[in-house]
1. Looking at B:GLN306 and the list (1) outside any loop (DSSP other than H, G, I, E, B); (2) farther than 30 Å from B:PHE146 by Cβ, which single condition is not satisfied?
2. Kindly indicate whether any position in region B:606-613 is surrounded by fewer than 20 Cβ atoms within 10 Å (Cβ to Cβ) and outside any helix (DSSP H, G or I).
3. Out of the residues in region A:190-209 meeting the condition of being surrounded by fewer than 20 Cβ atoms within 10 Å (Cβ to Cβ) and more than 9 Å from every other protein chain (Cβ to nearest Cβ), tell me which one is farthest from the chain's Cα centre (by Cα).
4. Does A:ASN160 count as within 17 Å of the chain's Cα centre (by Cα), more than 21 Å from A:PRO97 (Cβ to Cβ) and modelled with pLDDT of 95 or more?
5. At least 2 residues that are under 24 Å from the mean Cα position of the chain (by Cα) and not charged (D, E, K, R) in each: list the helices (runs of 4 or more DSSP H) lying fully within region A:1-79 that qualify.
6. Filter region A:248-282 down to the residues that are surrounded by 18 or more Cβ atoms within 10 Å (Cβ to Cβ) and among the acidic types (Asp, Glu), then identify the one that is nearest to B:SER465 (Cα to Cα).
7. Among the listed residues B:ARG915, B:ARG868, identify the single one that is loosely packed, with under 13 Cβ neighbours inside 10 Å and either in contact with a Gly (Cβ under 6 Å, 6 or more places away or on another chain) or among the basic types (Lys, Arg) (or both).
8. Cβ-Cβ under 6 Å, sequence separation 6+ or interchain: first residue in region A:164-181 and within 8 Å of chain B (Cβ to nearest Cβ) and touching a residue at least 60 places away in the same chain (Cβ under 8 Å), partner buried (at least 23 other Cβ atoms within 10 Å of the Cβ) and in a strand (DSSP E or B). Which pairs?
Amino acid sequence: MAAADQGYILNTIQNPRSLKPVYESVNRGNTIGDEIVDDTGLSVAAVDEGAKGLQRLGLLESNDEEYAIREYTWSTGDEMRDFQLTALEHLASSLTPADWGKQAVFHLNYTYLLKEDHHRINDNDEAVRKQMDRWQRDELDYYPTYRGDRIDLNPNKMENWGRLATYLGLLHQYDTHEFTVYPDPEIIYHSVERAHGAVGRTVDSNDVIEVSAYLEWLSTNLIYLPDDTAGVPAVLSRALFHLLKEEQIRLAEIGDQGAITFDRMPSHRRREQSANSIVLTP
Amino acid sequence: MSSEPTPKTSDDLFCPHFHEKNESDLRSLFSRVAAVRAENPELFWFTHRPIELFQTEGGVDGPSLESGDERVVTEDDVYQEFSASRNKNFAVVIEGEVGTGKSELCVALTHKLENEANRPVLRVDKNTDLMSMLTEEIPDFYQTHFGETLDTSSRFKRLEDDIKERPRMVASHAVSTALLEIGWDGYETTIEPAQEDEILDFVAERIRERLVETRQYGEEPNLVTKQEYDQNSFLQVFEEDADAFEGHPAEKLSSGFWQALLDQYDTPPLTDLLEEVGEKFNEEYDDKRPVAVFEDFSITGMQARQLRNFMERDNPGDNWDFIVAGTRDSTAVLHKRTAEDRFRFYRTNKQNSNQVLFLDDGSAVDFIRPYLGYIKHHDGSVRYDRGNDTGEFTLLDPESDSLCATCGLCDDSFRDLFPFNQRFVERIYTGLDESEQSPRELIIVVFETVLEYFNGTARCPATASPLEHVTNRVVAHDDVYHEAEVFADVAKWYGDTDRYEEYIAVDRAFFEAFDLLPEHQEEDDLPANIELTDDHVKIPGVGYKPPEDYESDPSEETDGYDEDESEEASEDDGEDDDDDGVSRVERIINEQSGYVDNWYANPHDESYVETDAYLRTAFTDLINTLTQDYSLWTDCDLRYNLSRSDDPFVYASAESAPNPDQIILDPRDFQRSDIRELLQYGIRREEADASADQQRILDIVGGHLTAYARQWRTKVRQRYIEDPSVYYKYDPPYGFDDFILAAYAWIVVLDDPWQEVTATTLNKRFASGEEYALDATLKTALTDELAPEAEDHIEAFMGYADAFDALVAERLAVSDSTLNLPRLRRWLNHHEPQDVLSRLRADPDQLNSRVRFDTDTKLVDMVTKAFRMQKSLDQQEDQLHDYTVAQTTLNELAGTDMEWIHDKVEVLDNYDVDRSLYESLLQFDSYSQDEVDAVVAASQLCLDTLGASTQDLIHKMLIEYKLMEHEVTEAFNAIDFETGDTTSSFAPHFQEVSQYYVEGE
């Protein structure tokens, strides 16, 4: 979906709060900008930003200056979560190494944090921003361009990314520029469910998915994981641990697959020592 | 797929000796009750360590001891006291705290008396009740030694049967007899017939319940407790005051009932029975003194006093030896002046301590050695040279064909101790709280540790849960906890710390035995810089500096996430460095780090209260940060003002439930390496604020704590925001957002009553960013029209306008200047602000005043003020029946063209017009078209747009009030055309007048 002429998502979306109101307005039948402005009370500029942002997120189409929504591809019972998951899934379609889609930056920034095991980020931190960008440029060969030049991750884009990642449920903001790396556990839970539907199986009437299969599915469809990941990165382990505690899943040893390392996950009675699979609690 | 621990198979238990054992064997071996081990004499004597104890009182034939003096004696010294040539009764009383070897000594003495001195021994253990002694133990003892039946036993049997089958009859007789006996003893009793029935029912129930069902005969068959006596007036039969009795009156009554029961069946008391048996031994064997052993003396009350009297009586024909063991409380009855002279008193533990003479830091290993060695002794693998019975053990070589000889895993330093080594056992003993350093506690920890390893609950002994309660400050490097936690545990318990700053060395055999070394693991591949040698595994100690720390290039661009920052910070506080260059904070960190593992297991344990305080500081500080000082939503100024003395959490293991403003925090959600980091942060935060690096700690545990921060917010919001019953009475279909929106709608109306309440006008007002205030004109009107108190309520409500604005921004804004219009429209279609606010609670006492913006802006006050404001307006609404000002204004001013009027007024100045009329026209002319239009629009809003709902009626009233006081209206009213017609509009009159003059020109 990431056409070369499409705008760069981190330029387009500065205030993600207008995304969902614009999406809902179009969904109510307001198909042109003026109608959306009247309906939402948002400024013309805000509507334009929201509409373009939704297009980058794959949630809106534009034909002959008329907008049409793309339906959510998730149905979790929570509309905001459906929005987040659908947007994350659409953005993941840019994750096509080595010919990365233009919007891959959204996921790759997060991947860098997972890779480096950062549990906190300051969107004004120049060092981290530059390392992030260098890693994407030099190691992943990610080259989003504008008029032939590579778009670098500048301070504004980094701030825009922080706001969008928070809006889509991947970060927790606790100060103007400070965030913890905290994927909403419910997003992770629904990803496990979806992954099970796609590549899981049933063992003794239990819904089971091998951790390695889950990670691969997740990396392809929702949250891109570093290639060199041996096991479950700590940030994701943390979310899975939350689901363990809430008794939404178990981690069990099923079948012959080797044990999976869950980075920095404490022991728990619902996690077997040599766990290699996720069992969804009925 | 089970999450339960997998039981170990024989292969998992490396030592072949364990293959032959089952859990029952281990339980017998480590039984906390010496008598259980005594059932297997071979086991008992293999594991028995001769006991040393204190003689506390000399007794009539013993050594002279001054009061308070103590003499150390050996087990053999005590044994020698049991001379066969004594006459009269003799008693050895062994006192001591629980688990200090009393039973062990009893068993050892009993064994020797029985087997070496050929004494008849009557064992009375803790579970033997009085009735059992009377009906079973003593008759059996008698039968065994004399081949005859003791004829009292059948009488006891009859008593027991009758109690079972006809308790009321038994009770009836006992009650009447007892009350008579008590009277004969000189006590005055008064009993009504009905009262006697109640007593009878009571006693029947008690003898059934306390004698037959529970067989608690040994408890001075307590048929009437003090509490029962005090609570049941029918039992209070005595005329005398309570102080007329030696003990409590209940005791007298209870003893009377019991004695009556015994008399009823002609059953002799315990002492009579012992006397009878003793006489039989005298008759039959002359010098064979029987021995009665009370291993855990638990006889109390009257029976205990009778027994004591028998033991101490000065009767040359008596021939019983007694061994009585118990805690000082249970043997208190024996400490009577005459008895103290007759008996020998010993104590196993040191004064005011659970420590004993035969177990200390130096002897702990030897003490435990035979217990563990016993598992391996059957085939000659473990044999000891026990020296001269001093308790020292020397491990001999295994027999040539034994398992140990062929296995070869263990070094001789720990072969008998496997799966422990000496350091492990020493660390257990020294790590026990001083009050728990008793033989029993040591054995319990060792046994439970072995058992967890044996049954697979623990991967190896070093990870067993009983150790969580044992303080051990040996700590591996954080990387080891982070990457290979089990290695840290093994290092902690088995490790040699001679080179602690570099590494902790552990015999490689343990890792192999516990299968901790990955298969085909190359040395370089071990995590956390753990080094593997032929003999040992070297695990980095807490002070270890990883090679990369030396190699890092300082010129390399830093990402701000390495540890340098904190190290630099720690150097900053070096002004109070000691001689070693270690700062005070670093010293505290070093000291406290050793307690983390124990705190982790027992955060409530008072032994680690300091560690806990630092960790609480860390948790609280970080949750505070992640909730933005306990704000209820991100970037919202509404917060919960948590008390400074409270934490926002309680631990999972807390006995009390968390408060509404507390969540449950489980330290086990964190790895121990994380806890160590948190501890350091807490210490730095507490002791040297500048060196506490919050960003660094959040980079490590930010995700963990975010979960807690969000959980905290969710809990507080659920309690104080999302529960409608906090805000509303009578359960209306409204929530918090309805309250906020309704209040905001009124703020907009009171700010300008001529505004219609629509989504657009609310949004526009919100976007304007202007300050809110009660409309000045309206305020003047309200002063005239409303009671002063009502006006005050409205003013007070408007004082919270900014807070409501902030909440509207939080709950409804989609940008800094735009509200969610579609949602507002939906809301206004289905809600009336007046109805929402009128259903608020007048006094929302469930809404904690800690929920607030600041000290002057509490949410509870916002609710109260909104309710009062609404009530004030509601009460005023029916005071206004028509809208005459609006009507007049609309009639007179609608369509007025102020430009035209201006032109005409200018012309009028040239004529001799009534000056009063002219001045009023001139005044009116000073208003702009917009101002006049606004007045007209307000009138239209009042008369045409707004409907008949209460909300609209109040709004119309406010419009009318403002019109009444508005300057345009007043200016217009000041114009007097003297037409006498009040119904026609202003414009025609003015036109007529002006036309006359203008045309006349």
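The values are calculated or read from the model by the stated rules, or taken from the named source; none is laboratory data. A quick note: this is a predicted structure, and the numbers were derived from the prediction, not measured. Cβ atoms come from the backbone with ideal geometry, glycine included; neighbour counts cover every protein chain shown.
1. (2)
2. Within region B:606-613, none of the residues are surrounded by fewer than 20 Cβ atoms within 10 Å (Cβ to Cβ) and outside any helix (DSSP H, G or I).
3. Of all residues in region A:190-209, those surrounded by fewer than 20 Cβ atoms within 10 Å (Cβ to Cβ) come to A:193, A:197-199, A:201-207.
Next, only the ones that are more than 9 Å from every other protein chain (Cβ to nearest Cβ) stay: A:193, A:197-199, A:201-202, A:205, A:207.
Values: A:GLU193: 16, A:GLY197: 19, A:ALA198: 18, A:VAL199: 20, A:ARG201: 25, A:THR202: 27, A:SER205: 31, A:ASP207: 24 Å.
Across region A:190-209, the extreme among qualifying residues is A:SER205.
4. Values: within 17 Å of the chain's Cα centre (by Cα): yes; more than 21 Å from A:PRO97 (Cβ to Cβ): yes; modelled with pLDDT of 95 or more: yes.
Spelling it out, A:ASN160 is indeed within 17 Å of the chain's Cα centre (by Cα), more than 21 Å from A:PRO97 (Cβ to Cβ) and modelled with pLDDT of 95 or more.
5. Numbers: elements: A:9-12, A:19-27, A:33-40, A:44-56.
The qualifying helices (runs of 4 or more DSSP H) are A:9-12, A:19-27, A:44-56.
6. A:GLU272
7. Going through B:ARG915, B:ARG868 in turn, the sole match is B:ARG915.
8. Within 6 Å, the pairs are A:THR180/A:ARG120; A:THR180/A:HIS172.
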